[in-house]
Amino acid sequence: MYKEITSLQNSFIKEILSLQEKSRSRKQSGLFCIEGKREISLAIKGSYKLHKILFCDEIFHSNELNQYNFNGAEIIKISKEVYQKIAHRDSTEGIIAIAETKALKLRNVSFKNRNPLILVAEAPEKPGNIGALLRTADAANIDAVLIANPKTDMYNPNIIRSSVGCLFTNQIGVGSSSEIIDFLKENKVNIFCAALTASKSYVNVNFTQPCAIVVGTEAVGLSDTWLKNSTQNILIPMEGQIDSLNVSVSAAILLFEAKRQRNL
């Protein structure tokens, strides 16, 4: 039999709500929430340590628990009312995990091959954009995603949701712009900055050597720190009325061009 929680006033349920809603709670506790079957499966594959599993048997049958290796995590049955209170998503699958965060330090990033392809995003603000960048990086199967000066913590539930669990499938490092630039130079990685000035069309750039594709925010682009350290600025020619694309769309175009060149 599983421990059961049916009260919305339960102190642990209040802790979960705090983890869902407050970056400070996630940072102080070193814990975060993962919602959904696929996302939890990917977290397990990504070697995330799960502390607790909460399931609502009106939505998620207890027999399904046998499909997962929770490595000793406590399993708790919750009422539908409690689940609806703590579930972050509208479409629901009846299962939530409480997991331990990883530090995501640059020093933990390593490359399995000598010719890495890396995505760098400077100062991303919107969790949805960060999630889309992670999803793109997974689709291209690149070596790492480096986040410079993030405006939100990487365990924001909206990042997990919009990345469809690709937070757990990518190698991620977080640091300041100067720290990431130093890291790239130490590893002899070319820096290609998506920018409008002094740029070449991306189709005329050689991405077959170790390289990092660096994207900034749609509002202000990349800082001078990156532009001063760029091997070559690159752009995607715009043929319509606007001068830029959504950052995740731009990253996808550039990454898949690099992949195309490498597969020739």
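The values are calculated or read from the model by the stated rules, or taken from the named source; none is laboratory data. On a predicted model such as this, the values are computed, not experimentally measured, just so you know. Backbone-built Cβ (ideal geometry, glycine too); neighbour counts: all protein chains shown. Just the protein is used for accessible areas: all its heavy atoms, side chains included, with ligands, DNA and RNA removed. Shrake-Rupley method; radii C 1.70, N 1.55, O 1.52, S 1.80 Å.
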Item to check | Convex hull volume per residue for the stretch 76-203, taking Cα atoms only, in Å³ | outcome: 143
Item to check | Under-5 Å amide H pairs with residue 146, H placed in peptide plane, nonlocal only | outcome: 119, 120, 121, 173
Item to check | Ordering of 81-88, 246-253, 167-174 by burial proxy (mean other Cβ atoms within 10 Å per residue, highest first) | outcome: 167-174, 246-253, 81-88
Item to check | Computed over the stretch 113-153, Cα set: Rg, Dmax in Å | outcome: 10.7, 32
Item to check | the stretch 115-264 shape via C-alpha gyration tensor axes, a/c threshold 1.5 | outcome: rounded
Checklist outcome for this item: Full extension between residue 74 and residue 231 adds, at 0.36 nm per residue less the Cα distance, a length in nm of 51.5 nm
Checklist entry - Restricting to the stretch 164-262, what percent of DSSP beta bridges are antiparallel, rounded to 5? => result 10
Checklist entry - Cα-Cα over 19 Å: which of 52/80; 37/259; 14/52; 27/80; 37/126? => result 37/259; 27/80; 37/126
Item to check | Local electrostatic count at residue 163 - Lys and Arg +1, Asp and Glu -1, tallied over other residues with Cβ under 12 Å | outcome: +1
Checklist entry - With axes computed from alpha carbons, what is the tilt in degrees of helix 177-186 against the longest principal axis of the chain, rounded to the nearest 10 within 0 to 90? => result 70
Next on the checklist: Largest first, please: the extent of the C-alpha atoms of the stretch 147-233 along each principal axis, to the nearest Å.
Outcome noted: 38, 29, 26
Checklist entry - Could you work out Rg/(2.2 N^0.38 Å) for the chain, with Rg from alpha carbons only? => result 1.11
Next on the checklist: Could you order the peptides 190-196, 99-105, 36-42 from most to least packed, using the average number of other C-beta atoms within 10 Å per residue?
Outcome noted: 190-196, 36-42, 99-105
Checklist outcome for this item: Taking a ≥ b ≥ c as the square roots of the eigenvalues of the Cα gyration tensor, with a/c under 1.5 meaning rounded and otherwise prolate when a/b exceeds b/c and oblate if not, the stretch 1-71 is oblate
Next on the checklist: Viscosity 1.306 mPa s, temperature 10 °C: what is the translational diffusion coefficient of the stretch 1-133 from Stokes-Einstein with a Kirkwood Rh over Cα pairs, rounded to a whole number of µm²/s?
Outcome noted: 96
Next on the checklist: Give me the percent relative contact order of the stretch 30-135, please, defined on Cα pairs under 8 angstrom at least 6 residues apart.
Outcome noted: 38
Checklist entry - What whole-number value in Å² describes the accessible area per residue of the chain for a 1.4 Å probe? => result 51
